[in-house]
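Step one of this worksheet: look at the structure below.
Just so you know, all these numbers are worked out from the coordinates, no wet-lab data involved. Just so you know, these numbers come straight off a predicted model, no measurement behind them. Cβ placement follows ideal geometry from the backbone for every residue including glycine, while neighbour counts extend to all protein chains displayed.
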Amino acid sequence: MTDPLDMDEPHEVVASSDKHTIAMTNVGGHVERITRDFVVPKPPQSKVERPLAVFTDWMKTAIEGKVKANGRDADATTHHTRAVSNALAHQDRAGGSHIHRAESL
């Protein structure tokens, strides 16, 4: 015998996904504030400072790109979760009404 399917209500699933998106957005905001300060204080002068300045710029750009990508992914995940949860709930209600009609025959 298999265990029964335990489903949370769609609004609970969507609320949890929304919380995840909010958390990802907040973390992204913190990271963006930190990377804003990734600057070389003055124009690089020595042979050692120049590669460091280039690397600092590359690192800042890479981190900012990842923050934006993570934000898009979190939004897409929430959108997908909402759509799937609502579709599953709709199918569950539709299936339940068929069962109810069959039982009353």
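I'd like the full set of residues that are surrounded by 12 or more Cβ atoms within 10 Å (Cβ to Cβ) and outside any helix (DSSP H, G or I), limited to region 26-65. Passing the criteria: F38, V40, P44. Cβ separations smaller than 7 Å between residues 6+ apart or across chains give the following pairs from region 63-92 residues that are farther than 30 Å from V31 by Cα to residues that are part of a helix (DSSP H, G or I): S85/P10; S85/V13; S85/V14; N86/P10; A89/P10. Residues V14, V84: which one is part of a helix (DSSP H, G or I) and in contact with a Ser or Thr (Cβ under 9 Å, 6 or more places away or on another chain)? Just a single option satisfies the conditions, and that option is V14.
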